[in-house]
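The values are calculated or read from the model by the stated rules, or taken from the named source; none is laboratory data. Because the structure is predicted, anything quoted here is derived from the model rather than measured. Positions of Cβ are backbone-derived with ideal geometry, glycine not excepted, and every protein chain shown enters the neighbour counts.
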Amino acid sequence: MSVETIFDVIASSTDDIRDSLAGRRTYADGQNPSGEQQLAADVHADRLLEERLLALDSVGAYASEEREEISTDGAGYSVAVDPLDGSSNVKSNNAMGTVLGVYDAELPAPGRSLIAAAYVLYGPLTTMMTAHDGTVTEYVVEDGARQPVRENVTLPDDPVVYGFGGRVPEWPDDFSTFASSVEQELKLRYGGAMIADVNQVMTYGGVFAYPALESHPDGKLRLLFEGAPIGYIVETAGGRSSDGSQSLLDGTPSALHQRVPVHVGNAEYIAQLEERLQTR
Ligand code: AFP
């Protein structure tokens, strides 16, 4: 039950987070630990989720993409949160989301210590995808309450979409070769917020990647806050995840905010990717 209570706290916070966006499109003074500018909306969502999640008996540690240090409050699970993934999309009024990983270990911890993960998508609707106990469930969130709309969610067998981040000239040659083959088969769907792009893959099947770049060999996305929780959800839905050579759940992080190349989607595309990248 304690994981469901954690999911409920996230769902019950969605109206507050969503309502705060309009007035918080400006950049705050600080930067996040990854050196990225913080919107006032990032800071607001972070503070709100820290307070509400640490108030739970089942949560003993709160880590966030928006802050250097982990906040602790007794025993319990460690939650890793990206409070507002894709927050730069607020300027262009495009979708964004909240990402949650629930680790049964002290952070930084490998993805294999995840016991649950979820994401909220702030789109035309507010929806939530949760993975726990071997199953993925999709909800519409209304008035802070989750209404299940899809049970035992699995990736469709006939993939349709792809979305690859970073600038094409920055892609290593082997990823470019992989991308060229995918482009012949699937339709481009890329919106600049991982959650919205991953949700396209969860809905239509396909592959999402924010790969290693020539200038950033570890890519852009963070392992504990984005890569591992999304890898957990996609793998629980029957897909695969990879950092280029292994599952995102197999990485053993040495630092809380370390980055990782992220590739998730239907198994055949992740197999193709790893084959390409392992010929390096
Ligand atoms: P922001 O949170 O700064 O908008 O970054 C979003 C993100 O971390 C992830 O959600 C996207 O997949 C990726 O960055 C988009 O990066 P590009 O802007 O380089 O495409």
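A few comments on the model shown:
- Count of residues meeting criterion [buried (at least 19 other Cβ atoms within 10 Å of the Cβ), aliphatic (A, V, I, L, M) and away from the ligand (no atom under 16 Å from the Cβ)] in region 64-97: 1
- Selected residue [assigned to a strand (DSSP E or B), in contact with a helix residue (DSSP H, G or I) (Cβ under 8 Å, 6 or more places away or on another chain), aliphatic (A, V, I, L, M) and at pLDDT 95 or above] from ALA28, ALA80: ALA80
- Cβ-Cβ distances below 6 Å connect the following pairs, each with a first residue in region 189-207 that is touching a residue at least 40 places away in the same chain (Cβ under 8 Å), a second residue that is more than 8 Å from the ligand (Cβ to nearest atom) and in a helix (DSSP H, G or I), and a separation of six or more residues or different chains: VAL198/ILE230; VAL207/TYR269.
- Test: residue in region 108-119 that is over 19 Å from THR5 (Cβ atoms), part of a loop (DSSP other than H, G, I, E, B) and in contact with a strand residue (DSSP E or B) (Cβ under 7 Å, 6 or more places away or on another chain): yes
- Region 99-108, residues that are farther than 12 Å from ALA61 by Cβ and either near the ligand (Cβ under 10 Å from one of its atoms) or surrounded by fewer than 24 Cβ atoms within 10 Å (Cβ to Cβ) (or both): VAL99
- Candidate set: region 250-277, residues that are crowded, with 19+ Cβ neighbours inside 10 Å and of a type in the set (A, V, I, L, M, F, W, C); chosen: the one farthest from ALA116 (Cα to Cα): LEU277
- Checking each residue of region 215-234 against the condition of being more than 12 Å from the ligand (Cβ to nearest atom) and surrounded by fewer than 15 Cβ atoms within 10 Å (Cβ to Cβ) gives at least one match.
- Filtered by the rule that a residue be touching a helix residue (DSSP H, G or I) at 6+ places or on another chain (Cβ under 6 Å), under 22 Å from GLY238 (Cβ atoms) and either more than 10 Å from the ligand (Cβ to nearest atom) or β-branched (Val, Ile, Thr) (or both), region 173-211 gives PHE178, ARG189, VAL198, VAL207.
- Selection of region 129-172 for residues being within 16 Å of the ligand (Cβ to nearest atom), in contact with a Pro (Cβ under 8 Å, 6 or more places away or on another chain) and outside any loop (DSSP other than H, G, I, E, B) yields only PHE164.
- Residue in region 266-278 that is free of Cβ contacts under 8 Å to residues at least 60 places away in the same chain, more than 18 Å from ALA63 (Cβ to Cβ), outside any helix (DSSP H, G or I) and over 15 Å from the mean Cα position of the chain (by Cα) present: yes
- Verdict on PHE208 being within 24 Å of TYR122 (Cβ to Cβ) and not in a strand (DSSP E or B): no
- In the set (1) among the polar types (S, T, N, Q); (2) farther than 25 Å from GLN258 by Cα; (3) not in a helix (DSSP H, G or I), the condition left unmet by THR98 is number (2).
- A search for C-beta distances below 8 Å between a residue of region 137-161 that is in contact (Cβ under 8 Å) with a residue 40 or more places away in the chain and more than 15 Å from TYR119 (Cα to Cα) and any residue that is of a type in the set (Lys, Arg) and part of a strand (DSSP E or B), counting only pairs 6+ apart in sequence or on different chains, returns VAL160/LYS187; VAL161/LYS187.
- Test: residue in region 28-43 that is surrounded by fewer than 21 Cβ atoms within 10 Å (Cβ to Cβ), of a type outside the set (A, V, I, L, M, F, W, C) and closer than 28 Å to GLU138 by Cβ: no
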